[in-house]
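Inspection log for the structure reproduced underneath, given as C-alpha coordinates.
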Protein chains: 2
Amino acid sequence: MTGFPQEKIHEATRALRAVAHELRLAVLCHLSERPMTVSELQAATGAVQSNLSQHLAKMRLMGLLTCERHSQQVTYRLADPAFARLTETLKSIYCSPTGAACPGEDPPSKRSTL
Amino acid sequence: MTGFPQEKIHEATRALRAVAHELRLAVLCHLSERPMTVSELQAATGAVQSNLSQHLAKMRLMGLLTCERHSQQVTYRLADPAFARLTETLKSIYCSPTGAACPGEDPPSKRSTL
DNA sequence: ATAGAATATGAGCACATTCTAATATTGTCA
DNA sequence: TGACAATATTAGAATGTGCTCATATTCTAT
(Lines give C-alpha, C1' and ligand atoms only; values in the text may rest on other atoms or scores of the structure.)
Protein backbone atom coordinates (compact mmCIF):
# COMPACT_ATOMS: atom_id res chain seq x y z
CA MET A 1 0.00 0.00 0.00
CA THR A 2 3.07 2.14 -0.55
CA GLY A 3 2.40 5.83 -0.26
CA PHE A 4 -1.25 5.82 0.68
CA PRO A 5 -1.55 6.77 4.33
CA GLN A 6 -4.69 5.90 6.23
CA GLU A 7 -5.66 9.55 6.34
CA LYS A 8 -5.65 9.84 2.54
CA ILE A 9 -7.53 6.58 2.31
CA HIS A 10 -10.21 8.24 4.35
CA GLU A 11 -10.45 11.18 1.98
CA ALA A 12 -10.39 8.99 -1.08
CA THR A 13 -13.17 6.90 0.37
CA ARG A 14 -15.40 9.93 0.62
CA ALA A 15 -14.90 10.66 -3.06
CA LEU A 16 -15.59 7.06 -3.94
CA ARG A 17 -18.83 7.05 -2.00
CA ALA A 18 -19.77 10.24 -3.76
CA VAL A 19 -19.39 8.50 -7.09
CA ALA A 20 -20.51 4.97 -6.31
CA HIS A 21 -23.93 5.44 -7.84
CA GLU A 22 -25.06 5.15 -11.43
CA LEU A 23 -26.58 8.57 -11.70
CA ARG A 24 -23.76 10.29 -9.87
CA LEU A 25 -21.11 8.55 -11.94
CA ALA A 26 -22.95 9.57 -15.09
CA VAL A 27 -22.99 13.14 -13.84
CA LEU A 28 -19.29 12.99 -13.10
CA CYS A 29 -18.64 11.75 -16.61
CA HIS A 30 -20.60 14.55 -18.17
CA LEU A 31 -18.98 17.18 -16.02
CA SER A 32 -15.58 15.72 -16.79
CA GLU A 33 -16.10 17.03 -20.27
CA ARG A 34 -17.53 20.42 -19.51
CA PRO A 35 -19.55 22.33 -16.91
CA MET A 36 -23.28 21.95 -17.33
CA THR A 37 -26.47 23.40 -15.94
CA VAL A 38 -28.88 21.31 -13.96
CA SER A 39 -31.34 21.19 -16.80
CA GLU A 40 -28.68 20.06 -19.21
CA LEU A 41 -27.71 17.31 -16.82
CA GLN A 42 -31.33 16.45 -16.40
CA ALA A 43 -31.77 16.08 -20.13
CA ALA A 44 -28.51 14.17 -20.47
CA THR A 45 -29.27 11.68 -17.73
CA GLY A 46 -33.01 11.48 -17.88
CA ALA A 47 -33.19 11.80 -14.12
CA VAL A 48 -36.10 13.21 -12.17
CA GLN A 49 -35.48 16.82 -11.20
CA SER A 50 -35.65 16.60 -7.43
CA ASN A 51 -33.68 13.42 -7.40
CA LEU A 52 -30.93 14.85 -9.56
CA SER A 53 -30.84 17.95 -7.42
CA GLN A 54 -30.31 15.82 -4.34
CA HIS A 55 -27.49 13.90 -5.91
CA LEU A 56 -25.83 17.10 -7.09
CA ALA A 57 -26.09 18.47 -3.58
CA LYS A 58 -24.46 15.37 -2.17
CA MET A 59 -21.63 15.50 -4.65
CA ARG A 60 -21.12 19.13 -3.78
CA LEU A 61 -21.07 18.45 -0.07
CA MET A 62 -18.66 15.60 -0.63
CA GLY A 63 -16.34 18.03 -2.34
CA LEU A 64 -16.64 16.66 -5.85
CA LEU A 65 -18.45 19.57 -7.44
CA THR A 66 -18.93 23.27 -7.16
CA CYS A 67 -21.68 25.36 -8.65
CA GLU A 68 -22.58 28.90 -9.46
CA ARG A 69 -25.84 30.49 -10.32
CA HIS A 70 -26.51 32.56 -13.42
CA SER A 71 -29.93 34.08 -13.06
CA GLN A 72 -32.21 31.07 -12.98
CA GLN A 73 -29.75 28.47 -14.03
CA VAL A 74 -27.13 26.80 -11.89
CA THR A 75 -23.99 25.52 -13.50
CA TYR A 76 -22.11 22.62 -11.93
CA ARG A 77 -18.51 21.73 -12.58
CA LEU A 78 -15.79 19.49 -11.13
CA ALA A 79 -14.36 20.99 -7.97
CA ASP A 80 -10.97 19.86 -9.22
CA PRO A 81 -10.16 18.83 -12.77
CA ALA A 82 -8.15 15.98 -11.26
CA PHE A 83 -11.43 14.18 -10.63
CA ALA A 84 -11.74 13.64 -14.34
CA ARG A 85 -8.93 11.12 -13.96
CA LEU A 86 -11.34 8.93 -12.10
CA THR A 87 -13.74 8.63 -14.99
CA GLU A 88 -10.79 8.23 -17.34
CA THR A 89 -9.48 5.34 -15.30
CA LEU A 90 -12.87 3.69 -15.12
CA LYS A 91 -13.23 4.05 -18.84
CA SER A 92 -9.80 2.55 -19.33
CA ILE A 93 -10.82 -0.42 -17.21
CA TYR A 94 -14.31 -1.02 -18.51
CA CYS A 95 -14.16 0.24 -22.05
CA SER A 96 -10.60 -0.86 -22.56
CA PRO A 97 -9.30 -1.90 -25.98
CA THR A 98 -7.97 -5.04 -24.27
CA GLY A 99 -11.37 -5.80 -22.84
CA ALA A 100 -10.04 -6.18 -19.29
CA ALA A 101 -12.08 -6.68 -16.15
CA CYS A 102 -15.13 -8.75 -16.90
CA PRO A 103 -16.44 -9.34 -13.37
CA GLY A 104 -18.84 -12.12 -12.57
CA GLU A 105 -21.96 -10.32 -13.69
CA ASP A 106 -24.40 -9.27 -11.04
CA PRO A 107 -24.49 -11.77 -8.17
CA PRO A 108 -25.19 -15.09 -9.96
CA SER A 109 -26.93 -16.25 -6.83
CA LYS A 110 -24.02 -16.41 -4.43
CA ARG A 111 -20.93 -18.41 -3.64
CA SER A 112 -18.65 -18.75 -6.64
CA THR A 113 -14.96 -19.40 -6.22
CA LEU A 114 -13.54 -21.51 -3.41
CA MET B 1 -19.53 11.47 -21.47
CA THR B 2 -17.89 10.34 -24.68
CA GLY B 3 -17.30 6.62 -24.82
CA PHE B 4 -18.89 5.50 -21.60
CA PRO B 5 -22.17 3.79 -22.40
CA GLN B 6 -24.78 3.40 -19.71
CA GLU B 7 -24.13 -0.31 -19.56
CA LYS B 8 -20.46 0.21 -18.71
CA ILE B 9 -21.43 2.86 -16.20
CA HIS B 10 -23.47 0.20 -14.50
CA GLU B 11 -20.51 -2.16 -14.27
CA ALA B 12 -18.16 0.56 -13.13
CA THR B 13 -20.60 1.53 -10.44
CA ARG B 14 -20.50 -1.97 -9.00
CA ALA B 15 -16.73 -1.77 -8.72
CA LEU B 16 -16.95 1.63 -7.11
CA ARG B 17 -19.42 0.43 -4.53
CA ALA B 18 -17.12 -2.48 -3.84
CA VAL B 19 -14.32 -0.07 -3.02
CA ALA B 20 -16.17 2.82 -1.43
CA HIS B 21 -15.29 1.81 2.09
CA GLU B 22 -12.16 2.50 4.10
CA LEU B 23 -11.34 -1.08 4.91
CA ARG B 24 -12.08 -2.33 1.41
CA LEU B 25 -10.05 0.41 -0.22
CA ALA B 26 -7.16 -0.40 2.10
CA VAL B 27 -7.45 -4.04 1.07
CA LEU B 28 -7.47 -3.07 -2.58
CA CYS B 29 -4.34 -1.01 -2.06
CA HIS B 30 -2.54 -3.87 -0.41
CA LEU B 31 -3.59 -6.37 -3.03
CA SER B 32 -2.58 -3.94 -5.74
CA GLU B 33 0.97 -4.61 -4.66
CA ARG B 34 0.81 -8.35 -4.22
CA PRO B 35 -1.56 -11.20 -3.36
CA MET B 36 -1.98 -11.75 0.35
CA THR B 37 -3.54 -14.24 2.70
CA VAL B 38 -6.42 -13.29 4.93
CA SER B 39 -4.23 -13.28 8.00
CA GLU B 40 -1.72 -11.02 6.31
CA LEU B 41 -4.49 -8.63 5.39
CA GLN B 42 -5.82 -8.88 8.89
CA ALA B 43 -2.46 -7.89 10.31
CA ALA B 44 -2.00 -5.17 7.73
CA THR B 45 -5.37 -3.56 8.28
CA GLY B 46 -5.99 -4.33 11.91
CA ALA B 47 -9.53 -5.42 11.06
CA VAL B 48 -11.56 -7.93 13.01
CA GLN B 49 -11.45 -11.37 11.41
CA SER B 50 -15.11 -11.95 10.70
CA ASN B 51 -15.57 -8.42 9.52
CA LEU B 52 -12.63 -8.61 7.16
CA SER B 53 -13.85 -11.92 5.87
CA GLN B 54 -17.21 -10.42 5.05
CA HIS B 55 -15.66 -7.53 3.20
CA LEU B 56 -13.43 -9.86 1.24
CA ALA B 57 -16.45 -11.92 0.33
CA LYS B 58 -18.26 -8.85 -0.89
CA MET B 59 -15.33 -7.73 -3.00
CA ARG B 60 -15.13 -11.20 -4.46
CA LEU B 61 -18.82 -11.30 -5.29
CA MET B 62 -18.54 -7.85 -6.82
CA GLY B 63 -15.86 -9.19 -9.12
CA LEU B 64 -12.93 -7.28 -7.67
CA LEU B 65 -11.04 -10.18 -6.17
CA THR B 66 -10.45 -13.87 -6.57
CA CYS B 67 -9.04 -16.25 -4.05
CA GLU B 68 -7.53 -19.69 -3.76
CA ARG B 69 -6.95 -21.87 -0.79
CA HIS B 70 -3.63 -23.39 0.15
CA SER B 71 -4.24 -25.81 2.97
CA GLN B 72 -5.54 -23.60 5.73
CA GLN B 73 -4.73 -20.27 4.25
CA VAL B 74 -6.66 -18.42 1.60
CA THR B 75 -4.85 -16.06 -0.69
CA TYR B 76 -6.70 -13.15 -2.23
CA ARG B 77 -5.63 -11.21 -5.29
CA LEU B 78 -7.04 -8.69 -7.74
CA ALA B 79 -9.38 -10.35 -10.19
CA ASP B 80 -7.82 -8.17 -12.84
CA PRO B 81 -4.54 -6.27 -12.51
CA ALA B 82 -6.30 -3.37 -14.19
CA PHE B 83 -8.00 -2.64 -10.89
CA ALA B 84 -4.67 -1.47 -9.56
CA ARG B 85 -5.13 1.57 -11.78
CA LEU B 86 -7.93 2.63 -9.52
CA THR B 87 -5.73 2.88 -6.46
CA GLU B 88 -3.04 4.50 -8.58
CA THR B 89 -5.46 7.13 -9.74
CA LEU B 90 -6.71 7.80 -6.23
CA LYS B 91 -3.16 8.12 -5.05
CA SER B 92 -2.43 10.52 -7.87
CA ILE B 93 -5.39 12.62 -6.82
CA TYR B 94 -4.99 12.57 -3.06
CA CYS B 95 -1.27 12.15 -2.61
CA SER B 96 -0.42 14.22 -5.62
CA PRO B 97 2.77 16.26 -5.78
CA THR B 98 0.58 19.20 -6.77
CA GLY B 99 -1.62 18.69 -3.76
CA ALA B 100 -4.81 18.72 -5.84
CA ALA B 101 -8.32 18.03 -4.60
CA CYS B 102 -8.77 19.39 -1.13
CA PRO B 103 -12.52 18.86 -0.64
CA GLY B 104 -14.49 20.69 2.00
CA GLU B 105 -13.63 18.41 4.90
CA ASP B 106 -16.30 16.17 6.31
CA PRO B 107 -19.77 17.81 6.19
CA PRO B 108 -19.23 21.17 7.94
CA SER B 109 -22.85 21.02 9.01
CA LYS B 110 -24.57 21.50 5.70
CA ARG B 111 -25.28 24.09 3.08
CA SER B 112 -22.15 25.77 1.75
CA THR B 113 -22.01 27.29 -1.69
CA LEU B 114 -24.99 28.95 -3.31
C1' DA C 1 -10.75 -39.03 16.71
C1' DT C 2 -9.68 -34.70 18.83
C1' DA C 3 -7.89 -30.27 19.12
C1' DG C 4 -6.50 -26.16 17.25
C1' DA C 5 -5.64 -22.75 13.44
C1' DA C 6 -7.49 -20.10 9.58
C1' DT C 7 -11.67 -18.71 7.40
C1' DA C 8 -16.47 -18.29 6.40
C1' DT C 9 -21.35 -17.64 7.45
C1' DG C 10 -25.61 -16.23 9.72
C1' DA C 11 -28.53 -13.39 12.81
C1' DG C 12 -29.92 -9.10 14.04
C1' DC C 13 -29.57 -4.40 15.33
C1' DA C 14 -28.21 0.39 14.20
C1' DC C 15 -27.62 3.51 10.87
C1' DA C 16 -27.20 5.28 5.99
C1' DT C 17 -29.03 5.69 1.27
C1' DT C 18 -32.31 6.33 -2.31
C1' DC C 19 -36.50 7.38 -4.23
C1' DT C 20 -40.97 9.83 -4.70
C1' DA C 21 -44.23 13.37 -3.90
C1' DA C 22 -45.11 17.73 -2.12
C1' DT C 23 -43.57 22.24 -1.23
C1' DA C 24 -40.31 26.07 -0.90
C1' DT C 25 -37.03 29.36 -3.01
C1' DT C 26 -35.14 32.45 -6.39
C1' DG C 27 -35.12 35.03 -10.37
C1' DT C 28 -37.44 36.84 -14.80
C1' DC C 29 -40.88 39.02 -17.23
C1' DA C 30 -45.36 40.98 -18.41
C1' DT D 1 -47.74 42.02 -8.43
C1' DG D 2 -48.66 37.54 -10.44
C1' DA D 3 -47.32 33.75 -13.08
C1' DC D 4 -43.82 30.84 -14.66
C1' DA D 5 -39.24 28.58 -14.98
C1' DA D 6 -35.29 26.46 -12.73
C1' DT D 7 -33.65 24.54 -8.51
C1' DA D 8 -33.62 23.18 -3.78
C1' DT D 9 -35.41 21.16 0.42
C1' DT D 10 -38.28 18.20 3.30
C1' DA D 11 -40.63 14.12 4.79
C1' DG D 12 -41.10 9.40 4.99
C1' DA D 13 -41.23 4.73 3.46
C1' DA D 14 -38.26 1.07 1.52
C1' DT D 15 -34.01 -0.88 1.07
C1' DG D 16 -29.15 -1.48 1.76
C1' DT D 17 -24.80 -1.46 4.67
C1' DG D 18 -21.72 -2.42 8.36
C1' DC D 19 -20.73 -4.17 12.72
C1' DT D 20 -20.53 -7.67 16.44
C1' DC D 21 -21.15 -12.06 18.34
C1' DA D 22 -21.87 -16.76 17.87
C1' DT D 23 -21.19 -20.69 15.23
C1' DA D 24 -19.79 -23.46 11.20
C1' DT D 25 -16.36 -25.22 7.99
C1' DT D 26 -11.79 -26.95 6.55
C1' DC D 27 -7.34 -28.39 7.23
C1' DT D 28 -3.41 -30.13 9.77
C1' DA D 29 -1.17 -32.46 13.31
C1' DT D 30 -1.13 -35.46 17.16
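Key figures for this structure:
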item: Test: residue B:76 is surrounded by 21 or more Cβ atoms within 10 Å (Cβ to Cβ) and touching a strand residue (DSSP E or B) at 6+ places or on another chain (Cβ under 8 Å); result: yes
item: Check on residue B:89, within 14 Å of DNA strand D (Cβ to nearest atom), of a type in the set (Ser, Thr, Tyr) and over 11 Å from the mean Cα position of the chain (by Cα); result: no
item: Selected residue (criterion: farthest from DNA strand C (Cβ to nearest atom)) from residues of the stretch A:33-53 that are more than 12 Å from chain B (Cβ to nearest Cβ) and in contact with a Phe, Trp or Tyr (Cβ under 8 Å, 6 or more places away or on another chain); result: A:35
item: Residues that are touching a helix residue (DSSP H, G or I) at 6+ places or on another chain (Cβ under 7 Å), more than 18 Å from residue B:90 (Cβ to Cβ) and away from DNA strand D (no atom under 13 Å from the Cβ), drawn from the stretch A:18-54; result: A:23, A:26, A:30
item: Meets criteria (closer than 23 Å to residue A:84 by Cβ, open to solvent by less than 20 Å² (accessible area, probe 1.4 Å) and within 14 Å of DNA strand D (Cβ to nearest atom)) for residue B:15; result: yes
item: Failed item in (1) modelled with pLDDT under 95; (2) within 11 Å of DNA strand C (Cβ to nearest atom); (3) of a type in the set (S, T, N, Q), with residue A:2 passing the rest; result: (2)
item: In the stretch B:59-73, residue nearest to DNA strand C (Cβ to nearest atom) [restricted to those that are more than 7 Å from chain A (Cβ to nearest Cβ) and touching a strand residue (DSSP E or B) at 6+ places or on another chain (Cβ under 9 Å)]; result: B:73
item: Options B:90, B:56; residue that is near DNA strand C (Cβ under 9 Å from one of its atoms) and not charged (D, E, K, R); result: B:56
item: Single unsatisfied condition, residue A:98 versus (1) away from DNA strand C (no atom under 12 Å from the Cβ); (2) in contact with a Ser or Thr (Cβ under 9 Å, 6 or more places away or on another chain); (3) at pLDDT below 95; result: (2)
item: Test: residue A:57 is open to solvent by less than 50 Å² (accessible area, probe 1.4 Å) and in contact with a helix residue (DSSP H, G or I) (Cβ under 7 Å, 6 or more places away or on another chain); result: no
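The values are calculated or read from the model by the stated rules, or taken from the named source; none is laboratory data. A quick note: this is a predicted structure, and the numbers were derived from the prediction, not measured. No Cβ is skipped: glycine too gets one built from the backbone with ideal geometry, and neighbour counts run over all protein chains shown. Each accessible area value is taken on the protein alone, full model and side chains, heavy atoms only, with ligands, DNA and RNA left out. Shrake-Rupley method; radii C 1.70, N 1.55, O 1.52, S 1.80 Å.
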